[in-house]
1. Which pairs do you get when a residue that is aliphatic (A, V, I, L, M), found in the range 45-68, comes within reach of a residue that is not in a helix (DSSP H, G or I), reach meaning Cβ atoms under 9 angstrom, with the pair 6+ apart or on two chains?
2. Could you tell me how many of the residues in the range 13-60 are within 12 Å of residue 106 (Cα to Cα), at pLDDT 85 or above and crowded, with 19+ Cβ neighbours inside 10 Å?
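The values are calculated or read from the model by the stated rules, or taken from the named source; none is laboratory data. Predicted model, so just to flag it, every value in this text is computed and none were measured. All Cβ positions, even for glycine, are placed from backbone atoms using ideal geometry, and neighbour counts span all protein chains on display.
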Amino acid sequence: MVIRSRENSFGAWAFLVGVILAVVIGVGASSFLSISSISTYSAQIYAILVVIGIIVGFSIKVSGKDAKDFLLAGTILVIVSSFGKESVTGSLIGIGIGDTVSSTFSALLALFVPATIIVAIKTVFSLSKI
């Protein structure tokens, strides 16, 4: 019989919901919504992703090797999404998906940046305890 830990269940579900929501928002923002509705609701949409990122950062209990793995993966995702958002727009615009990929990267950045910063701060505080 496998015993599963439930101590990190909320953080894992919040993270999964946030990633799915970021991808749906990123794809939907450029494909299905009109430009006027995107500009009207973009602040609220990205604020929701930032709040989910903050919740994920506070609710994920990472320590030791898990913290290093999360911070490494989070940092890589933030860097790749940031560079990808800028470079993909120019290279994929000819086939019509440049805006979709760019908005998806932007939505992922809105989720991952606060989560990564909070976990990094929590890790620094845990290392500095005497």
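1. 60/8; 62/8
2. Total satisfying the criteria: 1.
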